[in-house]
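Notes to accompany the following structure.
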Amino acid sequence: MTTPLLDRRDVDFLIHTWLKAGGDRETTDAVLDLSETLATQAFLPHFKRNDVEEPELVDGEVRICPAIGEALKQYAELGLFSAGFPDELGGLGLPYLISTASFAFFAAANVATAAYPMLTVANARLIAAFGTAAQVETFAKPQIEGRWFGTMCLSEPQAGSSLADVRTRAVAEGADALGERYRLFGNKMWISGGDQDVSDNIVHLVLAKVPNADGTLPEGTAGISLFIVPKLLPDGTRNDVTVAGLNHKMGYRGTANCLLNFGETGGAVGWIVGAPGEGLRQMFQMMNEARIGVGVGAAALGYRGYRLAVDYARERLQGRPPGRRSGPPVAIIEHPDVRRMLLQQKAYVEGALALCFYCARLVDTAEASPDDAALLGLLTPVAKTWPSEYGLAANDIAIQVHGGYGYTRDFDVEQLWRDNRLNPIHEGTTGVQGMDLVGRKILADGSGLPVLAARIARTAEAAEAVPGLAVHARALSEAWRSVVATTEALQGEDRRTVLDNATAFLWAFGHVVTAWLWLDQAVAAEALTDRDLADGKAWACRFFFECELPKVDAWLALVAARSDVASGAPTRIF
């Protein structure tokens, strides 16, 4: 069975026809061709090997599957670590949209291996944005070249996602050529890529607090600073960073996930990025990039599961049509319920990929467009969450299509589900993203809402003129009016009341956004000469509007009713 990782026709449609990426199409297509080929030849072959040859801690060092290093060496040699960086940093200067599309192929092939460059690129981009020239030269450029890898060290065992409770300390000890130098003491948990044996060095970006004059740590997030803490110091000596243990995950098993101790024997040397207290603001750049990256990975995993399910449904002979008792069995794709499951997967994974690509396009245009910047901020928690939830749902359906074979380790869909199950937790859980959307992006800011409203209205107007899409245009407009009415009713409410049902609001909001993007794709697909692709978009759009969009009313009803079914439940009942 030869199954594409992603449907290349769909990727090309999203980039060129729908989003009108512009630029040099020949270069774009060459990059995507290269990405698809390398992902298939170097990442996909050790997909299962990654899952069984888990990282090991041996004499304080983490050893990972050797095939990971071999694949990432090729990735670096072909310039893919540097693809999205400008020429002055040694990059290819590709738009973020194109580098995101490139990454999607690798995530689909082997997300555990793809996690290393995702984190490394985001790490280097943060240092390039906020670091000194010496820090960029010393710590960012080796990552851009793919010789060093990077991590983000936020969570701590006692704090988890509550960064206000970070207790890692950074004690100043003067300055050198790389800036203000500190000694760090503390513990970091859930650090993907926290140690491995395939790169020449590892650059940790660490959140920590500089103690007050009386030795106490600042309270809250305002006192958080950001530090560059390499595994190996510039003189080649080992820094005071110790792997205290490995976390054994159900998926992404090839990505070493570590508990790191900083400062067991005198303090880990680190250099502050910017000024004290600016750390969380700076780290949000990497966190937001990682949120979109997690969304892309989740969409890609769901997408590959969908393609596997389609191939299996075409080849698996079982059963006969209703009313026919004899004759040869038919492929299960002939059964309506199987087609329903495939259509549901298609609506989820193509919708998820479209959402991530749309946000990647906004990254490219945000600097020049305040409207795009505002919309990007609004949609980022959705781009992380919706693909994570519904890419996973698509993987679940892929197992169902495979029947009993689906939950065996002989078929890839079982591992794809396990890999994707981590993504609703990665980079902030669904609940955290819901609170961000409601509390920060809508009630505290709100600048992205009118931009989104205008674009939804523009899509609905265009769809009104297309036969078969006008009914969806009216449904979308009605759903958006319900969202707006809900947000207006939340204004001035007590914060706890507002956040009680933030997740339900995020579910509703994400579905309306995805419905909008499906309708927008369907309008663009009308001009296609490839009628199979155009009809596929039309049917998936219809499915989403008929089977998914009606769920929005129930979710918004919970929010509008100020339901306390969760917050009011006494803890003693559990």
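Every residue in region 221-251 that is under 28 Å from the mean Cα position of the chain (by Cα), over 19 Å from ILE272 (Cβ atoms) and of a type in the set (Gly, Ala, Ser), please.
Across region 221-251, the qualifying residues are ALA244, GLY245, GLY251.
Looking at (1) out of contact with any Asp or Glu (no Cβ under 9 Å at 6 or more places or on another chain); (2) touching a residue at least 24 places away in the same chain (Cβ under 8 Å), which is the one condition that is false for GLU461?
(2)
Could you tell me which numbered condition SER388 fails, if it satisfies all but one of (1) crowded, with 20+ Cβ neighbours inside 10 Å; (2) hydroxyl-bearing (Ser, Thr, Tyr); (3) more than 22 Å from GLY254 (Cα to Cα)?
SER388 satisfies all of (1) crowded, with 20+ Cβ neighbours inside 10 Å; (2) hydroxyl-bearing (Ser, Thr, Tyr); (3) more than 22 Å from GLY254 (Cα to Cα) except (3).
Among all residue pairs at least 6 apart or on different chains, which show Cβ distances below 7 Å where the first residue, located in region 421-437, is assigned to a helix (DSSP H, G or I) and the second is acidic (Asp, Glu)?
So the pair list comes out as THR430/GLU389.
Can you report the number of residues in region 440-459 which are surrounded by fewer than 19 Cβ atoms within 10 Å (Cβ to Cβ) and within 21 Å of the chain's Cα centre (by Cα)?
Selection size over region 440-459: 1.
Exactly one condition in (1) assigned to a strand (DSSP E or B); (2) closer than 16 Å to GLY274 by Cα is false for PHE149; which is it?
Only one criterion is unmet by PHE149, namely (2).
Within region 50-79, restricting attention to residues that are free of Cβ contacts under 8 Å to residues at least 60 places away in the same chain and either surrounded by 20 or more Cβ atoms within 10 Å (Cβ to Cβ) or not assigned by TED's automatic domain parsing to the domain that holds THR27 (or both), which residue is nearest to ASP33 (Cα to Cα)?
Among them, the one singled out is ALA71.
Tell me, please, whether a residue that is in contact with a His (Cβ under 8 Å, 6 or more places away or on another chain), in contact (Cβ under 8 Å) with a residue 12 or more places away in the chain, within 27 Å of SER192 (Cα to Cα) and assigned to a helix (DSSP H, G or I) can be found in region 370-377. Working first, answer last.
Residues of region 370-377 that are in contact with a His (Cβ under 8 Å, 6 or more places away or on another chain), as a first pass: none.
So far as region 370-377 goes, no, none of its residues is in contact with a His (Cβ under 8 Å, 6 or more places away or on another chain), in contact (Cβ under 8 Å) with a residue 12 or more places away in the chain, within 27 Å of SER192 (Cα to Cα) and assigned to a helix (DSSP H, G or I).
Which of the helices (runs of 4 or more DSSP H) contained wholly in region 471-574 include at least 3 residues that are in contact (Cβ under 8 Å) with a residue 12 or more places away in the chain and within 18 Å of GLU389 (Cβ to Cβ)?
Values: elements: 495-500, 502-525, 531-543, 551-560.
Those helices (runs of 4 or more DSSP H) span 502-525, 551-560.
Could you please find all residues in region 98-128 being more than 14 Å from the chain's Cα centre (by Cα), farther than 19 Å from LYS141 by Cβ and hydrophobic (A, V, I, L, M, F, W, C)?
ILE98, ALA109
When residues of region 161-213 are filtered for being part of a loop (DSSP other than H, G, I, E, B) and touching a residue at least 12 places away in the same chain (Cβ under 8 Å), how many remain?
Result for region 161-213: 16.
Can you find, within region 46-72, the residue that is nearest to ALA30 (Cα to Cα) among those that are assigned to a helix (DSSP H, G or I) and more than 23 Å from the chain's Cα centre (by Cα)? Give the steps one after another, and end with the answer.
Our first condition is that a residue be assigned to a helix (DSSP H, G or I); within region 46-72, this holds for 46-52, 66-72.
Adding the requirement that they be more than 23 Å from the chain's Cα centre (by Cα) leaves 49, 52, 66-67, 70.
On the way: ARG49: 29, VAL52: 34, PRO66: 28, ALA67: 25, GLU70: 22 Å.
Per the criteria, the residue is GLU70.
Check region 356-367 and report whether any residue there is crowded, with 18+ Cβ neighbours inside 10 Å and β-branched (Val, Ile, Thr).
yes
Which one of these is closer than 26 Å to GLN285 by Cβ and touching a Ser or Thr at 6+ places or on another chain (Cβ under 8 Å): LEU233, LEU226, LEU163, LEU217?
Unique residue meeting the criteria: LEU163.
Among residues belonging to region 218-231 that are assigned to a loop (DSSP other than H, G, I, E, B) and surrounded by 16 or more Cβ atoms within 10 Å (Cβ to Cβ), point out the one that is modelled with the highest pLDDT.
Quick first cut of region 218-231, residues assigned to a loop (DSSP other than H, G, I, E, B) only: 218-223, 231.
Pick out the ones that are also surrounded by 16 or more Cβ atoms within 10 Å (Cβ to Cβ) and you get 218, 221, 223, 231.
On the way: PRO218: 92, THR221: 91, GLY223: 92, LYS231: 98.
Among those residues, the one meeting the criterion is LYS231.
Can you spot a residue in region 131-149 that is over 21 Å from GLU289 (Cα atoms), more than 29 Å from the chain's Cα centre (by Cα) and either among the small types (Gly, Ala, Ser) or not assigned by TED's automatic domain parsing to the domain that holds PRO66 (or both)?
The answer is yes; a qualifying residue exists.
The values are calculated or read from the model by the stated rules, or taken from the named source; none is laboratory data. These figures come from a predicted structure and were not determined experimentally. Glycine also receives a Cβ, built like all others from the backbone with ideal geometry; neighbour counts cover every protein chain displayed.
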